[in-house]
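Below is one structure, written out as structure tokens; the observations come after it.
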Amino acid sequence: MTLSEIIGEYLREQGMSVVAVSNAKDAVDTAYEHHFDILLLDIKVPLGDGFSVLKELRSLGNTTPAIFTTSLGSIDDITRGYDVGCDDYLRKPFELKELLLRIHSAMKRSMHSNYDSLIAINEQTSYDLIKKQLMINGMARPLPHKEKILLELLLKHKGSVVDQHLIFDTVWDYGQEPSEMSLRVYIKNLRKLLGKECIKTSKNNGYCLC
């Protein structure tokens, strides 16, 4: 049995849900597609390494607490781990009970730091500025990249009309051609999630999050 399987079996016995992957690419893809409470990353993995995985996730806005489990123990390795955004560093070999304590500690710190990051949209819906996630009835709902940027822009100006030109400049990257039709689709999709009355259309060709 591999260490990954041993850890997974132990954490499931503690009542946790565990998703395991075996290489760097799958780790990035899985963490991007799903919301996790904690990331356990080994450094020596196929198709890359744990440092590059966490660095890429942090660049994508993923702030999930991360713990490195590794046999690398030099001060340079530890420094690099914290530089790319890890929350803890557990050197092999380690006791499973110690890993569990580290997990609980990291998750507890994360819960306290993220408490004030939630912006209420209505009674059922909020947006987490840290994790960049829309929360509906306590569940994370994934948003496409442009719709996420659009929602954050509307939240920043909540209660005020956001001009369409500002939306184009913010949501579309440099060199991309803004599209009114695409914008209407993004607004329509957000209304489906937030409620039709949450986003008002202004006669001056803008939108307002009420």
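The values are calculated or read from the model by the stated rules, or taken from the named source; none is laboratory data. This structure is a prediction, so every number in the text was calculated from the model and none was measured. Here Cβ is always computed from backbone atoms with ideal geometry, including for glycine, and neighbour counts include all displayed protein chains.
Is it the case that ILE136 is farther than 20 Å from LEU60 by Cα, within 23 Å of the chain's Cα centre (by Cα) and not assigned by TED's automatic domain parsing to the domain that holds HIS34? Yes. The criterion of at least 1 residues that are without any contact (Cβ under 8 Å) to a residue 12 or more places away in the chain and under 26 Å from SER117 (Cα atoms) is met by the following helices (runs of 4 or more DSSP H) wholly inside segment 1-81: 24-33, 50-59. If you filter segment 41-72 down to residues that are among the hydrophobic types (A, V, I, L, M, F, W, C) and within 15 Å of the chain's Cα centre (by Cα), you find that the one that is farthest from ASP83 (Cα to Cα) is LEU60.
The set of residues from segment 142-191 being in contact (Cβ under 8 Å) with a residue 40 or more places away in the chain and among the charged types (D, E, K, R) comprises LYS146, GLU147, LYS158, ASP163. Being on the phi > 0 side of the Ramachandran plot and surrounded by fewer than 18 Cβ atoms within 10 Å (Cβ to Cβ) is the requirement here; does GLY73 meet it? Considered against the rule, which asks whether it is on the phi > 0 side of the Ramachandran plot and surrounded by fewer than 18 Cβ atoms within 10 Å (Cβ to Cβ), GLY73 comes out as no.
Inside segment 84-133, residues that are within 30 Å of LEU3 (Cα to Cα), at pLDDT below 80 and assigned by TED's automatic domain parsing to the domain that holds ASN62 make up a count of 4. Here ARG58 meets the list (1) charged (D, E, K, R); (2) under 26 Å from GLY138 (Cβ atoms); (3) modelled with pLDDT of 90 or more almost entirely, failing just condition (3). If you go through segment 44-59 and keep only what is surrounded by 21 or more Cβ atoms within 10 Å (Cβ to Cβ) and among the hydrophobic types (A, V, I, L, M, F, W, C), you end up with PHE51, VAL53, LEU54, LEU57. The lone criterion from (1) surrounded by 15 or more Cβ atoms within 10 Å (Cβ to Cβ); (2) acidic (Asp, Glu); (3) part of a loop (DSSP other than H, G, I, E, B) left unmet by GLU123 is number (1).
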